[in-house]
Amino acid sequence: MQRRTIRAIGAGVAIAALGLMGLTACSSAPSSNEKVSLTYGIWDKNQEPAMQQIISDFHKQNPNISVTIELTPNADYWTKLQTAATAGTAPDVFWMNGPNFQLYASNGQLAPNDQVKTSDYPKALTDLYSYQGKVYGAPKDFDTVGVWYNKKLFDAAGVAYPKAGWTWDDLKADAKALTGKTPGTFGIAAPPYGQENFYDTVAQAGGYIVSPDGKKSGYDDPKTIEGVKFWVDLVNAKESPTLQQMTDTYSADLFTSGKVAMYWAGSWNPGAFAKSSIAADIDVAPLPQGPVSNQSIMHGLGNVVSAKSAHIDAAKKFAAFASGKTAADVMAKSGAVIPAFNGSQDEWVKSLPNFNLQAYMDEVKTAVAYPVSKNTAAWNTDETAEMTKIWTGSVDVETGLKDLAAKMNADLAKE
């Protein structure tokens, strides 16, 4: 699976367009014998068989409700959804991600779902899919971040493998010791990624990206600056490839080709790493401890209900089921994603026994929600532009982040 949160924002949905349809819902509760047909919007063909099994299980319990999948490739999903939502023809139930959630919720496109029991899911996920005190999304799956390392390169440099409880200082010392010990290799890859990199270290330093009320940027906070500086220092020390090198060759490919010893990767990567030529030489460790803790950013998809659905009650019932225990067991066995339902993740952990996938699970208790606001795509554009300047050294970290905070505050003021 690709880095879903980056790609999923891509369409850049228009907040004004989504607002055109107003808040009128078309709810109707089906009678016990009424036949109801629902549509279910998803974007991942790899998950379609599991989703079809979940639909079959739901139908056995609810024979009067049928569900048909509407599969749209991720590249077109958000554009198509925006058009359908504006016209009032969105699927009855559809996949939602964090960066787009508040945009749809604040424009009345989603129906609150009181059938979601929040205690069944990690708090960071129910926080992600809550808006103005109401839960809209039933968490479907989640991802956290871990540090993958190449044991062969560690052994060659005489460096001990990372383990739970290690610190930022330990990582920096390891990166320095590993760089160049095997000719042409780097200690770590430090690309300017949010979810997998600087969002995590910002939280670990006690900083924040956007305030809880979505009105203020945290990029000018000294702790946030410290969290970003962590990565830029590694690039400047030449213990990571440069931004240009990581643009020429995807940083994950640098890791799987044995060019870097450490790589921070989301829980959607293990399957691909298991198929790489270095699979026998790698493993994963928890994130290192920063000044505050070793928090991981948590993101995940949610099943949401269209406020324009003609069968809102049936749609809420299916959305809750598609994120419930039965569905979670189906998803876990598929191995594609970590199911969000509490207690259902063991099957995923066991799916690749050669790797310490438990590292991803150990971070759930302290994980923090992916940073979002009503129009995340707007300030993501400024974020990408300013981080590029910082990573290439055309502006220093503090100046660049204060400039970014000013631009982001202007974006947030328009929401």
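Once you place label points 7 Å from the Cα toward the Cβ at Ala413 and Ser293, how far apart are they in nm? Spacing of the two 7 Å Cα→Cβ label points: 3.4 nm. Using 0.36 nm per residue and subtracting the Cα-Cα separation, the extra length available between Gln358 and Leu71 on full extension is 100.2 nm.
Report the net charge of residues surrounding Trp379, where surrounding means a beta-carbon distance below 11 angstrom and charges are Lys +1, Arg +1, Asp -1, Glu -1. Here the charged neighbours net out to -2. Counting only residues at least eight positions apart within a chain, or on another chain, the lysines with an alpha carbon under 29 Å from that of Lys223 are Lys123, Lys163, Lys172, Lys176, Lys215, Lys238, Lys365, Lys374, Lys389, Lys402, Lys407, Lys414. Close amide H contacts of Thr167 (hydrogens built in the peptide plane, cut-off under 5 Å, sequence separation of 5 or more or a different chain): Gln289. Seen against the Cα atoms of the chain and their longest principal axis, helix 325-334 is set at about 50 degrees.
When the chain is described by a simple charge dipole with +1 on each Lys and Arg Cβ and -1 on each Asp and Glu Cβ, the residue from Ser217, Pro339, Ala369 located farthest towards its positive end is Pro339.
Of the solvent-accessible surface of region 134-272, computed with a 1.4 Å probe and all protein chains present, 53% belongs to carbon and sulfur.
Skipping prolines and chain starts, which residues have an amide H placed within reach, meaning under 5 Å, of the one on Glu70, given they are 5 or more residues away or on another chain? Those qualifying (amide H under 5 Å, at least 5 residues apart or on another chain) are Tyr40, Gly41, Ile42. Backbone amide hydrogens, once placed in the peptide plane, bring Val135 within less than 5 Å of Asn113, excluding anything fewer than 5 places away on its chain. Other residues within the sphere of radius under 14 Å centred on the Cβ of Glu398, judged by their own Cβ, net out at -3 (K and R +1, D and E -1). Straight-line cross-link partners of Lys60 among the lysines, defined as a Cα under 23 Å from its Cα and at least 8 positions apart when in the same chain: Lys35, Lys117, Lys140, Lys316, Lys317, Lys325, Lys333. Taking label positions 7 Å along the Cα-Cβ direction at both Lys117 and Asp213, the computed distance is 3.5 nm, reported to one decimal. Distances between every pair of Cα atoms in the chain, grouped in 20 Å steps from 0 to the bin holding the largest one, split as 27, 56, 17, 1 percent. Between Lys325 and Thr79, the modelled label-to-label distance comes to 4.3 nm, taking each label 7 Å out from Cα in the direction of the beta carbon. Using the beta-carbon distance between Ala156 and Ala87 and R0 = 56 Å, what value does 1/(1 + (r/R0)^6) give for FRET efficiency, to the nearest 0.05? My answer for the efficiency is 0.40.
The convex hull built on the alpha-carbon positions of region 268-346 has an orientation-averaged projected area of 8.3 nm². The calculated FRET efficiency for Lys365 paired with Lys333, based on their beta-carbon distance and R0 = 22 Å, is about 0.35. Here region 72-206 is assigned +1 on the Cβ of each Lys and Arg and -1 on the Cβ of each Asp and Glu. Its dipole about the Cα centre then comes out at about 260 debye. In Å², and per residue, what accessible area does the chain have when probed at 1.4 Å with the other protein chains present? Solvent-accessible surface per residue comes out at 40 Å². Compared with the dominant Cα axis of the chain, that is its longest principal axis, helix 376-392 is turned about 10°. Selection among Gly393, Thr381, Ala203 by position relative to the dipole of the chain gives Thr381 as farthest towards the positive end (Cβ unit charges, Cα centre). Stretched out straight at 0.36 nm per residue, the stretch from Thr167 to Asn342 would grow longer than its current Cα-Cα span by 60.2 nm.
The length gained on full extension between Ser394 and Glu34, counted as 0.36 nm times the residue separation minus their Cα-Cα distance, comes to 123.2 nm. Angle of helix 48-61 to the longest C-alpha principal axis of the chain, folded into 0 to 90 degrees and rounded to 10: 40°.
Here the Karplus relation 6.51 cos²θ - 1.76 cosθ + 1.60, evaluated at θ = phi - 60°, turns the backbone of region 235-242 into coupling constants of 5, 4, 7, 6, 8, 10, x, 6 Hz, with x for every Gly and Pro. Simple rule: put +1 on each Lys or Arg Cβ and -1 on each Asp or Glu Cβ in region 249-396, find the dipole, and look at Ala274, Ser257, Phe321; the Cα lying farthest toward the positive end is Phe321.
Charged side chains reduced to their Cβ positions (Lys and Arg at +1, Asp and Glu at -1) give region 162-248 a dipole of some 120 debye around its Cα centre. The charge dipole of the chain, taken about its Cα centre with unit charges on the Cβ of Lys, Arg, Asp and Glu (plus for the first two, minus for the last two), comes to roughly 480 debye. The order of the peptides 352-358, 153-159 by mean Cβ neighbours within 10 Å, most packed first, is 153-159, 352-358.
The values are calculated or read from the model by the stated rules, or taken from the named source; none is laboratory data. Just so you know, these numbers come straight off a predicted model, no measurement behind them. Using ideal geometry, Cβ is built from the backbone for each residue, glycine included, and neighbour counts are taken over all protein chains shown. Ligands, DNA and RNA are stripped out before the accessible areas are found, and what is left, the full protein with its side chains, is counted by its heavy atoms. Shrake-Rupley method; radii C 1.70, N 1.55, O 1.52, S 1.80 Å.
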